[in-house]
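Coordinate-derived values only; no laboratory data. This one's a predicted model, so the numbers in the text were calculated from it and none came from an experiment. Positions of Cβ are generated from backbone atoms using ideal geometry, with glycine treated the same way; all protein chains shown enter the neighbour counts.
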């Protein structure tokens, strides 16, 4: 199962997300659920880099974590917020279609 964690503040801004695990829906290299989650996650970090200048992520096989710097300028924070909300919607859509293989946990800090 792929476990996705989204960390928000009290105002709802997403400061961090983590993706862990493998779906187990199909064979390695042909798993459409892993592919869908990967596309959403990599699109988010690519957009954060290109549109907001944020490159604060780590990844390895079956794991990705991205954090937004606390000192982000307000204009970049707004851009990052739109990207991250879109990402959250994408993850939830994959979960809605393949809930046996993907979980999305949102927590407030």
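A few comments on the model shown:
- Counting only residues that are out of contact with any helix residue (DSSP H, G or I) (no Cβ under 8 Å at 6 or more places or on another chain) and closer than 19 Å to residue 91 by Cβ, the range 25-38 holds 5 of them.
- Within the range 3-27, residues that are on the phi > 0 side of the Ramachandran plot have Cβ atoms under 6 Å from residues that are part of a loop (DSSP other than H, G, I, E, B) in these pairs: 21/1; 21/62, counting only partners at least 6 apart in sequence or on another chain.
- Enumeration of residues in the range 12-30 that are over 12 Å from residue 2 (Cα atoms) and surrounded by 13 or more Cβ atoms within 10 Å (Cβ to Cβ): 13, 14, 15, 16, 17, 26
- Qualifying residue in the range 68-79 (condition: closer than 14 Å to residue 19 by Cβ and out of contact with any helix residue (DSSP H, G or I) (no Cβ under 6 Å at 6 or more places or on another chain)): no
- Filtered residues of the range 33-77 (kept if in a helix (DSSP H, G or I), farther than 29 Å from residue 99 by Cα and without any contact (Cβ under 8 Å) to a residue 12 or more places away in the chain): 49, 50, 74, 75
- Condition met for residue 100 (surrounded by 14 or more Cβ atoms within 10 Å (Cβ to Cβ) and either out of contact with any strand residue (DSSP E or B) (no Cβ under 6 Å at 6 or more places or on another chain) or part of a helix (DSSP H, G or I) (or both)): no
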